[in-house]
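What follows is a single structure, written as structure tokens, with notes after it.
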Amino acid sequence: MVKKKKKNKINVLVTGSNGQLGKSLKYFYKKNSIYKLIFKTKKQLNITKYLELKKCIEANNIKIIINTAAYTNVDLAQKYSKIANSVNAVAVKKISDLCKIYNILLIHVSTDYVFDGLKKKPYTELDKCLPLSVYGESKLKGDKYIVQKLDKFIILRIAWLYGPFGNNFFSKVMYKFLDNKNYYMISNQYAYPASSIQLAKDILKLIPIILLNKYNKKYFGIFNYGPYQRKISRYMFVKKLSKLIIKNVSLVNKYKLKTNSIKNKFSKKKNNNKLEIRPKNSMLENISFFKTFKIKKQTFDNNLKLSLTIYLKNVIN
Ligand SMILES: NC(=O)c1ccc[n+]([C@@H]2O[C@H](COP(=O)([O-])OP(=O)(O)OC[C@H]3O[C@@H](n4cnc5c(N)ncnc54)[C@H](OP(=O)(O)O)[C@@H]3O)[C@@H](O)[C@H]2O)c1
């Protein structure tokens, strides 16, 4: 009997795999895909180390890198700007240089923090970047290196990434529901919040699309990413989450969740205040991404429901 020759899979490196996006990619990755994901935590692969990166790329014959590794603590980045820059800017330059040498496609994640949030409308991919914070500046430098160096790249700009894994707004609120204290949520800062779960699912859809279309250059560039464009404040986010929970009486009883103590707060801080490092308007117009890749866009409500389901099944139990 003639043995069927096994087709070589495309190897895809995922950096920062212990973060919320990294974990979400792991959650949805199916081993029978036409590509193989190789997950590396910070301990296994420090992206600031050029030689470590090079070794990993060569040893695993990497053809695509999904860079989810980043220094994401916005407040600490103000104080530790050197570390933020080394991870979000210099390391991204190293990754870009290696992608150029080894002809690798780079899928990178960026942020609304590259904008100052003063625009009255949603930000498009063409809007001028004016970061307010060290974090935003360092991420913008990373984006610029990629654009300068590479032709084969996808930068996905997202805002308010949340989901069942890791430390983020969603998981912090879920903890708050467990206690009885009153708390305040800001109601005059807006975004189209990106779900790490949905983002992971969509990134995994991009790979076969790009491979089947032989790396067609129409797929490369900077894209804003998010759910259907309905503006959401932190206060609305929590209210929607509490409504989802209240609907499920058995859930409220089982986890003794308390959702009645949310109050709204109107942030009086202005963006022209030097101390303000977070954009007030984080809405990213995301038409181009879904048109280009022909992927179905989801609503914020559906994404939130899915995050809650996965959180209850995998995290809290
Ligand atoms: N979270 C948001 O609201 C948000 C919004 C917009 C854009 N983004 C962007 O989305 C992407 C994913 O964010 P996320 O929320 O998943 O971040 P995250 O949960 O903070 O995960 C980032 C991961 O990168 C790792 N890391 C840090 N320095 C590293 C290094 N030198 N080498 C290798 N790994 C390193 C971290 O490890 P340690 O934890 O051990 O340091 C962590 O596991 C990032 O590019 C971020 O800038 C996030």
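The values are calculated or read from the model by the stated rules, or taken from the named source; none is laboratory data. None of these values were measured; they are calculated from a predicted model. Ideal geometry is used to build each Cβ from the backbone, glycine not excepted, and the neighbour counts take in all protein chains shown.
Side notes on the structure shown:
- So Tyr71, is it within 14 Å of the ligand (Cβ to nearest atom), more than 23 Å from the chain's Cα centre (by Cα), of a type outside the set (Asp, Glu) and surrounded by 14 or more Cβ atoms within 10 Å (Cβ to Cβ): no
- Residue within the range 91-105 that is closer than 21 Å to Leu284 by Cα and at pLDDT 95 or above present: no
- Looking across the range 135-153 at every residue that is within 16 Å of the ligand (Cβ to nearest atom), assigned to a helix (DSSP H, G or I) and more than 13 Å from Asp112 (Cα to Cα), the one that is nearest to the chain's Cα centre (by Cα) is identified as Gly142.
- When Ser110 is tested against (1) within 12 Å of the ligand (Cβ to nearest atom); (2) closer than 22 Å to Ile186 by Cβ; (3) touching a Lys or Arg at 6+ places or on another chain (Cβ under 8 Å), just one condition goes unmet, and that condition is (2).
- Residues of the range 124-155 that turn out to be of a type in the set (Lys, Arg) and within 12 Å of Asn85 (Cα to Cα), as a count: 2
- Candidate set from the range 4-22 (those that are touching a residue at least 40 places away in the same chain (Cβ under 8 Å) and more than 8 Å from the ligand (Cβ to nearest atom)); member that is nearest to the chain's Cα centre (by Cα): Val14
- Where a residue in the range 125-141 is in contact (Cβ under 8 Å) with a residue 40 or more places away in the chain and more than 16 Å from Leu284 (Cα to Cα) and its partner, wherever it lies, is of a type in the set (Val, Ile, Thr) and more than 12 Å from the ligand (Cβ to nearest atom), with Cβ under 9 Å and at least six apart: Leu132/Ile277; Ser133/Ile277; Val134/Ile277; Tyr135/Ile277
- Residues located in the range 60-92, provided they are closer than 27 Å to Tyr102 by Cβ and either assigned to a strand (DSSP E or B) or charged (D, E, K, R) (or both): Ile62, Lys63, Ile64, Ile65, Ile66, Asn67
- Residue selected from the range 154-181 under the condition crowded, with 22+ Cβ neighbours inside 10 Å and of a type outside the set (A, V, I, L, M, F, W, C), by the criterion farthest from the ligand (Cβ to nearest atom): Pro164
- When Asn61 is tested against the conditions (1) in contact with a strand residue (DSSP E or B) (Cβ under 7 Å, 6 or more places away or on another chain); (2) crowded, with 21+ Cβ neighbours inside 10 Å, the lone failure is (2).
- Lys120 falls short of the stated requirement of being over 24 Å from Lys63 (Cβ atoms) and crowded, with 20+ Cβ neighbours inside 10 Å.
- Helices (runs of 4 or more DSSP H) contained entirely in the range 213-317, each with at least 1 residues that are modelled with pLDDT under 80 and on the phi < 0 side of the Ramachandran plot: 234-247, 249-255
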